[in-house]
Number of protein chains: 2
Amino acid sequence: MLPPRSITRIASIGGGPIGAGWAAHFLARGYDVNAYIHDDSERAVFHAILQTGWKSLTDLGLSPNASLDRLTLTTDLEKAVQGAGFIQESAPERIELKQALYAKLGAIVPANVIIGSSTSGLTMTDIQRNCVTPERCVIGHPFNPPYLLPLVEIAGGDQTGPEAVEWAGEFYKVAGKSPLIMKKEIPGFVATRLQEALWREALHMVANGEATPADIDNALMNGPAPRMAVQGQCMAFHVACGEGGMATNLDQFGPALKLPWTRLDAPELTEELRNRMVDGCNEIAADQRFEDMAAKRDAQIVAVLRAIRDTA
Amino acid sequence: MLPPRSITRIASIGGGPIGAGWAAHFLARGYDVNAYIHDDSERAVFHAILQTGWKSLTDLGLSPNASLDRLTLTTDLEKAVQGAGFIQESAPERIELKQALYAKLGAIVPANVIIGSSTSGLTMTDIQRNCVTPERCVIGHPFNPPYLLPLVEIAGGDQTGPEAVEWAGEFYKVAGKSPLIMKKEIPGFVATRLQEALWREALHMVANGEATPADIDNALMNGPAPRMAVQGQCMAFHVACGEGGMATNLDQFGPALKLPWTRLDAPELTEELRNRMVDGCNEIAADQRFEDMAAKRDAQIVAVLRAIRDTA
């Protein structure tokens, strides 16, 4: 395999928010990017996402040689992978489609080039089933929006070589991301599982009339989130307990784990629950356009990340 | 009851991180504060917490008349509540102690003064059982550290008057907090339940060898948290789905709620799990002192809050 630092050209496959977001990220880090879209009708959306991402990336600071001129946009898959030292695949989340794509990529991409999949819901063990060179295929799962949030969760499938997983971890770090190499291939990886646990409890509370979506978001934004952005939950408890740290936390509050805090099963997604969630969000949004809310979200994440960085 | 805006003096009961943190908050908002500590041996710790909080509060911006000179520190409970227009109670979390305290407060505090409890684990229905004026007793639960995080969750017990709950919501807002009035009195309120759901899943992952505490914190800090600080989980999904919003999210991803993402029961807190959590946190902390980590946490939360405020 090529040394991670020697990579200069990336192929980003997929024209949706994840694929275009990855293209924006790699361009901002000074890479040449070959972006593959399925057909020309996707060009406008791709460029819109790229521009949105580029604004935030510029605010966060571009790498010295970063330029949108380094982008090549194509509907020719063979052309897209040509000369690429790493492939970031963000095709639609359908297993038959991914398997067919990896069968093709496995044959046309040189065997020493690592392929990383953005999949959030499929396993690499399934994706790589029809690939003739499965040992270099890994999951490299970003967190949305991929051009802003640093996390990339990395996992191999049954046929993935451990050196490919290790290489991906090093490469993503060189490319400006915060890699997390999974100990095992588990559904939802780490971040989505944590978020999903929280989300299920939120749905229970709304279903039971205990809180509204506005209450949920108020609680998160004004409670744990600003802290969690600068200190994960483990260290939050560790530091809050003073000298005794996590030991004090678990020894003192361990029994509280058995208290009826949070519900156990996912709630039935009834029509009523669905509508309460939808209506609640619409009320919060009021007359704001979603593009404006997304733009504001991005600007605020930039500000938060800069704030965290400047105080690190 | 007195108009919330007419309140000028607060009694803060309790010399620990929550009581002293509340004192710091109210002083920073320009109130006179009578702080009650159980005995003189608590003075040093109280002042240390106050100073720590004051630094962050100064960075965030003090109210015009805010001054540490407005503090009266006393071990005399009757003196502490004298002249106070609101009582913030942050005594130790033992039900017998709280019940005895409310029996006394119920008799010595004028009946038109609202008493708010910082309790995180008890219900007001239990706390107010021996109080002769239970109708004005509410829960006003802050999020740690109380001098920084804006959330206050408000709930009444069986004997609490609805007007007391409403008054507390208005008062906390006047006092610079983000109140959340609970629809029902449920254990853990909203924020802690959400955090606890996430925490249980984190413990499961560590117990199963799927992630380390460092992985958990890496995933949170570089994944959902910087976003959640500026956009709650409901609106995060709503906005991420574009025009379709929450409806698209639930209609498309609803079935995924049944996927084995996140575990269902709280894990057995075995000695092994306990030690993995403790060791993992100690490794992350390395040779940093906890005071330094807490100070850095505070400085970063300030920076994040300022960043969020400046981009609002």
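The values are calculated or read from the model by the stated rules, or taken from the named source; none is laboratory data. The model shown is predicted, which means the values in this text are computed figures rather than measured ones. Heads up, the Cβs are rebuilt from the backbone with ideal geometry, glycines too, and the neighbour counts pull from every protein chain shown.
Give the range A:199-224 a look and list any residue that's farther than 30 Å from A:I139 by Cα, of a type in the set (A, V, I, L, M) and in a helix (DSSP H, G or I), or say none.
Result: A:M205, A:V206, A:A207, A:A214, A:I216, A:A219, A:M221.
Mind listing whichever residues of the range A:208-225 are closer than 16 Å to B:F237 by Cα and more than 7 Å from chain B (Cβ to nearest Cβ)?
Matches in the range A:208-225: A:T212, A:A214.
Given B:T52, B:T125, which one is under 25 Å from B:L2 (Cα atoms) and out of contact with any Phe, Trp or Tyr (no Cβ under 8 Å at 6 or more places or on another chain)?
B:T125
Can you tell me which condition A:V138 does not meet? The list is (1) closer than 30 Å to A:G61 by Cα; (2) among the β-branched types (V, I, T); (3) at the interface with another protein chain (Cβ under 7 Å from one of its Cβ atoms), and all the others hold.
A:V138 satisfies all of (1) closer than 30 Å to A:G61 by Cα; (2) among the β-branched types (V, I, T); (3) at the interface with another protein chain (Cβ under 7 Å from one of its Cβ atoms) except (3).
Could you check, for the range A:46-54, whether at least one of its residues is touching a helix residue (DSSP H, G or I) at 6+ places or on another chain (Cβ under 9 Å), more than 17 Å from A:T8 (Cα to Cα), β-branched (V, I, T) and modelled with pLDDT under 95?
Yes, the range A:46-54 contains at least one residue that is touching a helix residue (DSSP H, G or I) at 6+ places or on another chain (Cβ under 9 Å), more than 17 Å from A:T8 (Cα to Cα), β-branched (V, I, T) and modelled with pLDDT under 95.
So, A:M228, is that one touching a helix residue (DSSP H, G or I) at 6+ places or on another chain (Cβ under 7 Å), at the interface with chain B (Cβ under 7 Å from one of its Cβ atoms) and over 20 Å from B:F189 (Cβ atoms) or not?
So A:M228 fails the test.
Rundown of residues vs (1) buried (at least 17 other Cβ atoms within 10 Å of the Cβ); (2) part of a strand (DSSP E or B), yes/no style:
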{"site": "B:G121", "(1), (2)": "no, no"}
{"site": "B:D126", "(1), (2)": "no, no"}
{"site": "B:V132", "(1), (2)": "no, no"}
{"site": "B:A155", "(1), (2)": "yes, yes"}
{"site": "B:A168", "(1), (2)": "yes, no"}
{"site": "B:K183", "(1), (2)": "no, no"}
{"site": "B:A197", "(1), (2)": "yes, no"}
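I'd like to verify a number: residues in the range B:155-187 that are at the interface with chain A (Cβ under 7 Å from one of its Cβ atoms) and free of Cβ contacts under 8 Å to residues at least 60 places away in the same chain, how many?
5
Has the range A:3-24 got any residue that is among the small types (G, A, S) and assigned to a strand (DSSP E or B)?
Yes, the range A:3-24 contains a residue that is among the small types (G, A, S) and assigned to a strand (DSSP E or B).
Are any of the residues in the range A:141-157 among the β-branched types (V, I, T) and assigned by TED's automatic domain parsing to the domain that holds A:I13?
Within the range A:141-157, one or more residues are among the β-branched types (V, I, T) and assigned by TED's automatic domain parsing to the domain that holds A:I13.
Is it the case, given these coordinates, that A:A66 is of a type in the set (G, A, S), touching a Gly at 6+ places or on another chain (Cβ under 9 Å), outside any helix (DSSP H, G or I) and under 15 Å from A:G15 (Cα atoms)?
Criteria not met by A:A66.
May I ask you to verify whether A:M205 is buried (at least 24 other Cβ atoms within 10 Å of the Cβ), within 21 Å of B:I49 (Cβ to Cβ) and either of a type in the set (A, V, I, L, M, F, W, C) or more than 7 Å from chain B (Cβ to nearest Cβ) (or both)?
no
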